[in-house]
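Asks: Supplied in structure tokens, the structure appears directly below.
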Amino acid sequence: MRYLLLLLTLLLTSCFNEPLYHSQSYVFGTLVDISIYGESDEHARFLANHILDDFQKLHHQLHAWKPVSQNQLSELGQLNAAFQQANSPTPISPALAAMLEDATELSIKSNGLFNPAIGHLISTWGFQRDEFTAIAVDEAAVKNLLHAQPRMTDIVIKDNAAYSTNPTVKLDLGGYAKGYALDIAVAYLRKEHVKNALINIGGNIIALGKHGDSPWRVGVQHPRQPTAITTLALADGWAVGTSGDYQRYFMLNGKRYCHIIDPRTGYPVEHTQSVTVLVPPQPLNQSQAGVLSDVASKPIFIETPENRSKAAQALGIENFMVIDDKARIFVSKNMVNKLNWLTPNVQFTTLP
């Protein structure tokens, strides 16, 4: 599986015998890279294994459609089952309650373009599967779900329990969980007094400290080529995330259907190939940088071209890049000087 972003900082590591520990695993349906600089291999291995264990637990807690075991749904799966009976409270963990409250706030800020409540729509389009083969979508089902308007604000959380006032709500936190996991990892590493690390979950990346004397540097995946189009330096606590139409998609009659669905139409977005956002550290009482790097790229991807900047501003995003369906590049004015293009004479439009 191709990365949404490519790690470029590790390519020369073996040549210089630097104190860099590098671990890879497979969680959240994607490749996870953990790089820890300046620690002994033994200590770094312990830290990385702890992080991966946390990721696996979160994956099992939040899987939207696959049971944890033969007879047990994930916590999110149990909640979704309960939602089918409107106004039927079911107990949830404090951690899940906090995630849903945060996700609801972000959904409201995005004017509903980030909407984890449309799990039934995602399933109808065939994107709650391990492989994405072409399907003939049930247009009547899409129309009915669109009419039902499942939203995060349909969820009521009270006294460590939750219920939905709308039985068509089905949660899919696939656009939130990876970013949340990044924030968990960074909090753990800071608690353990680790100064320098880079965590990559399938293209959602967060930096801690530096890579030696230099900032961590990552590459942004070209949506139609197996290479990076540009690189970015990540300062301490900064996160970057890309949403693209090139990993989770299927082709039908020569047309590409990607997994990013516009909640307003019920159909996959066609006018965008990829969106990359760069997010600085956030205040403790707000959504953290990892979560925002995962969430914020979706509304910008979905929104119409003339309203992309408004979608970014609604979530406080100042640094972003869009590549549209015609391969045209649009870059926010704050992002322009942060990009290091890998080919000469790249043409792009600067957004206000």
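Asks: In segment 139-190, which residue that is over 26 Å from Arg264 (Cα atoms) and over 24 Å from the mean Cα position of the chain (by Cα) is surrounded by the most Cβ atoms within 10 Å (Cβ to Cβ)?
Replies: Looking at the filtered set, the residue picked out is Ala161.
Asks: Restricting to segment 138-188, count the residues that are touching a residue at least 60 places away in the same chain (Cβ under 8 Å) and in a helix (DSSP H, G or I).
Replies: Qualifying residue count, segment 138-188: 15.
Asks: Please determine whether any residue of segment 243-255 is in contact with a helix residue (DSSP H, G or I) (Cβ under 9 Å, 6 or more places away or on another chain), among the small types (Gly, Ala, Ser) and assigned to a loop (DSSP other than H, G, I, E, B).
Replies: No, the conditions are met nowhere in segment 243-255.
Asks: Next up: For segment 270-300, which positions are among the hydrophobic types (A, V, I, L, M, F, W, C), in a loop (DSSP other than H, G, I, E, B) and surrounded by 23 or more Cβ atoms within 10 Å (Cβ to Cβ)?
Replies: Ala296
Asks: Specify which of the listed residues (Thr104, Thr90) is more than 30 Å from His211 (Cα to Cα), polar (S, T, N, Q), touching a Ser or Thr at 6+ places or on another chain (Cβ under 7 Å) and at pLDDT 95 or above.
Replies: Thr104
Asks: Identify, from the list Val218, Val269, Val279, the residue that is out of contact with any Lys or Arg (no Cβ under 7 Å at 6 or more places or on another chain) and under 16 Å from Phe114 (Cα atoms).
Replies: Only one candidate qualifies: Val269.
Asks: Would segment 305-312 turn up any residue that is of a type outside the set (Lys, Arg) and in a loop (DSSP other than H, G, I, E, B)?
Replies: No, because not a single residue in segment 305-312 is of a type outside the set (Lys, Arg) and in a loop (DSSP other than H, G, I, E, B).
Asks: I need every pair where a residue in segment 201-223 that is part of a loop (DSSP other than H, G, I, E, B) has its Cβ under 6 Å from the Cβ of a residue that is at pLDDT 95 or above and of a type in the set (Asp, Glu), sequence separation at least 6 or different chains.
Replies: Gly209/Asp236
Asks: Count, please, the residues in segment 39-59 that happen to be crowded, with 18+ Cβ neighbours inside 10 Å and either in contact with a helix residue (DSSP H, G or I) (Cβ under 9 Å, 6 or more places away or on another chain) or touching a residue at least 24 places away in the same chain (Cβ under 8 Å) (or both).
Replies: Result for segment 39-59: 8.
The values are calculated or read from the model by the stated rules, or taken from the named source; none is laboratory data. Bear in mind that the values here come from a model prediction, so they are computed numbers and not experimental data. Here Cβ is always computed from backbone atoms with ideal geometry, including for glycine, and neighbour counts include all displayed protein chains.
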